[in-house]
Amino acid sequence: MIDPNAIAARLERELFDSIVPFWENHSPDPVNGGFFNLIDRDGTVFDTEKFVWMQWRNIYMFALLANTPAAPPRWLELAESGFRFCRAHAQLEDGGFAFSVTAEGEISDYDPLVAPMIEAIAAIASAQLFRATGQDVYRTEALLRLKRVREMIRAREAAGPLPGIPAFRSLGAWMHLVNAAAEVFACAGKMDGSPRRFLEEALEVLPGFRHPESGRWIERIGLDGSFRFGNSAGRMLMPGHGFETLWFMAEAAELIGNRELLAKIPDWTRSVYENALDREQGGLFPMQDALDLPLVLKESVGLKWWWTHSEALLALAMSWKISRDEWFLARFEEIDAWCTAHFRDSRNLEWFGWVDRAGNPVSLVKGAPSKTFFHVPRCLYCCAKFLRGE
């Protein structure tokens with residue numbers, strides 16, 4: 001018999017004894033504020049560029065953990081310092097955010113493709129700060145950022161990505177919307193109707209990304225809900241987004257009491273897992289073709305990503321919480337063991353981010369433009385909760 005409480009205790013030890021100390025000791029910039037993101041295996045900062053979506057992710061995690069029992073004051077101080085840095089240095093004239101800034105806070109890059117994601121992460125970070133402090137400045141920011149996410153999705157679906165290219169719906173955009181709406185609704189949104197409205201809207205839209213015959217969650221669909229499998233972009237899927245969507249939807253459904261949707265999550269999770277599993281080498285594939293045709297995207301070839309596995313653990317733990325089916329605990333243990341063998345660093349704290357198909361690290365860095373104090377600690381924190389039935 002697998003003991004979920006014992007697993008939860010082990011995950012919390014890793015979180016508070018390994019992951020938090022690594023980032024608390026190495027990421028904060030004591031001179032300029034904000035957080036360094038490009039960090040080597042031993043904690044050395046090897047580049048001082050600051051990526052704004054990673055800034056907000058650090059803020060979110062320190063604010064989230066500041067709401068836990070016996071949290072030291074420093075965690076909230078770090079979150080509030082990061083908030084001030086982003087507000088002072090990363091905002092653009094139109095009210096959005098840059099993609100990156102220098103150590104001192106000079107804007108160095110902008111990426112419109114990730115702009116909605118940055119807004120969504122800013123929303124959940126601000127919501128957790130409001131929960132920790134009760135200060136209205138954070139509630140106001142959370143609601144503002146959430147509404148900007150919804151407006152960006154609306155504008156992109158109306159205009160299309162470029163002239164002459166058909167508009168489409170993006171799983172990533174709607175997935176982040178439901179998460180942001182749920183976090184803001186839970187922490188800061190009950191006096192404003194928009195978080196619940198956006199949450200319910202996203203829960204209506206998101207199941208349309210699930211291809212019913214295969215059980216896979218497709219990255220792009222037509223505005224009419226059609227699947228466009230005539231080219232590789234239309235067939236592309238990321239199992240990590242499938243897992244992430246499912247536990248996001250489950251948390252949102254729990255908030256509003258949507259038991260009908262909640263009951264579907266375990267079976268949907270099982271389908272994503274069965275499709276993503278590498279039965280030869282273990283672990284999970286990061287990207288796939290919906291028709292199992294050869295992949296042509298270079299970033300998908302021969303690699304496995306840490307966040308695919310952390311999101312799988314979250315979806316498996318949530319599905320066990322909903323169903324109490326031991327199958328999900330067994331799969332959780334299998335994926336967690338693969339992470340121990342291949343992503344967890346046996347010599348230093350934290351996880352590696354990228355390994356080859358067999359599980360050998362292809363980079364030893366712990367912090368990168370897309371990896372920071374977020375996916376791993378969120379996984380450990382939330383999985384411990386789910387496995388305790390919370």
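The values are calculated or read from the model by the stated rules, or taken from the named source; none is laboratory data. Keep in mind that what you see is a predicted model, and the values were worked out from it rather than measured. Backbone-built Cβ (ideal geometry, glycine too); neighbour counts: all protein chains shown. Accessible surface is based on the protein model in full, side chains and every heavy atom, while ligands, DNA and RNA are left aside. Shrake-Rupley method; radii C 1.70, N 1.55, O 1.52, S 1.80 Å.
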Does ASP42 fit the bill of being among the acidic types (Asp, Glu), open to solvent by 20 Å² or more (accessible area, probe 1.4 Å), assigned to a helix (DSSP H, G or I) and more than 27 Å from ALA120 (Cβ to Cβ)?
no
So which residues in the range 309-330 are open to solvent by 40 Å² or more (accessible area, probe 1.4 Å) and either in a helix (DSSP H, G or I) or at pLDDT below 95 (or both), if there are any at all?
ILE322, SER323, GLU326, TRP327
Provide a single number: the residues in the range 69-86 that are on the phi < 0 side of the Ramachandran plot and either modelled with pLDDT under 95 or touching a Gly at 6+ places or on another chain (Cβ under 9 Å) (or both).
6
Of the residues in the range 331-376, how many are out of contact with any Gly (no Cβ under 9 Å at 6 or more places or on another chain), among the β-branched types (Val, Ile, Thr) and closer than 19 Å to LEU38 by Cα?
2
Exactly one condition in (1) closer than 18 Å to GLU151 by Cα; (2) touching a Pro at 6+ places or on another chain (Cβ under 8 Å) is false for GLY222; which is it?
(1)
Cβ-Cβ distance below 6 Å, separation of 6 or more or different chains: which pairs start in the range 148-171 with a residue that is more than 27 Å from GLN91 (Cβ to Cβ) and end on one that is assigned to a helix (DSSP H, G or I) and open to solvent by less than 80 Å² (accessible area, probe 1.4 Å)?
ALA167/GLU157; LEU171/PHE209; LEU171/HIS241
For the range 75-95, which positions are touching a Phe, Trp or Tyr at 6+ places or on another chain (Cβ under 9 Å), farther than 15 Å from PRO28 by Cβ and part of a helix (DSSP H, G or I)?
ALA90
If you go through the range 263-274 one residue at a time, do you hit one that is part of a helix (DSSP H, G or I), open to solvent by 20 Å² or more (accessible area, probe 1.4 Å), modelled with pLDDT of 95 or more and aromatic (Phe, Trp, Tyr)?
yes
Test: residue in the range 15-34 that is open to solvent by 10 Å² or more (accessible area, probe 1.4 Å), closer than 15 Å to SER370 by Cβ and acidic (Asp, Glu):
no
Which count do you get for residues in the range 179-213 that are closer than 26 Å to ASP267 by Cα, in a loop (DSSP other than H, G, I, E, B) and touching an Asp or Glu at 6+ places or on another chain (Cβ under 9 Å)?
0
Residue that is open to solvent by 20 Å² or more (accessible area, probe 1.4 Å) and either among the small types (Gly, Ala, Ser) or under 22 Å from ASN25 (Cβ atoms) (or both), where the choices are ALA70, ALA98
ALA70
Search the range 338-365 for residues that are touching a residue at least 60 places away in the same chain (Cβ under 8 Å) and pair each with any residue that is assigned to a loop (DSSP other than H, G, I, E, B) and open to solvent by 50 Å² or more (accessible area, probe 1.4 Å) when their beta-carbon atoms are under 6 Å apart and the residues are at least 6 apart or on different chains.
ASN348/ASP42; ARG357/GLN281; ALA358/GLN281; VAL365/ASP40
Can you tell me how many residues within the range 144-155 are charged (D, E, K, R) and surrounded by fewer than 19 Cβ atoms within 10 Å (Cβ to Cβ)?
3
Can you tell me which residues in the range 29-51 are without any contact (Cβ under 8 Å) to a residue 60 or more places away in the chain and in contact with an Asp or Glu (Cβ under 7 Å, 6 or more places away or on another chain)?
none
Pairs needed: first member in the range 1-18, within 14 Å of GLU390 (Cα to Cα); second member anywhere, assigned to a loop (DSSP other than H, G, I, E, B) and open to solvent by 30 Å² or more (accessible area, probe 1.4 Å); C-beta distance under 6 Å; at least 6 residues apart or different chains.
ALA8/ARG388
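Residues are listed down the side, and each one gets a yes or a no for (1) open to solvent by 50 Å² or more (accessible area, probe 1.4 Å); (2) touching a Ser or Thr at 6+ places or on another chain (Cβ under 8 Å):
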{"residue": "ALA142", "(1), (2)": "no, yes"}
{"residue": "PRO163", "(1), (2)": "yes, no"}
{"residue": "ALA188", "(1), (2)": "no, yes"}
{"residue": "LEU203", "(1), (2)": "no, no"}
{"residue": "HIS211", "(1), (2)": "no, no"}
{"residue": "ARG216", "(1), (2)": "no, yes"}
{"residue": "ARG228", "(1), (2)": "yes, no"}
{"residue": "ARG235", "(1), (2)": "no, no"}
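Conditions (1) on the phi < 0 side of the Ramachandran plot; (2) open to solvent by less than 40 Å² (accessible area, probe 1.4 Å); (3) at pLDDT 95 or above, marked per residue:
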{"residue": "GLU334", "(1), (2), (3)": "yes, no, yes"}
{"residue": "TRP351", "(1), (2), (3)": "yes, yes, yes"}
{"residue": "GLY359", "(1), (2), (3)": "no, yes, yes"}
{"residue": "LEU364", "(1), (2), (3)": "yes, no, yes"}
{"residue": "HIS375", "(1), (2), (3)": "yes, yes, yes"}
{"residue": "CYS382", "(1), (2), (3)": "yes, yes, yes"}
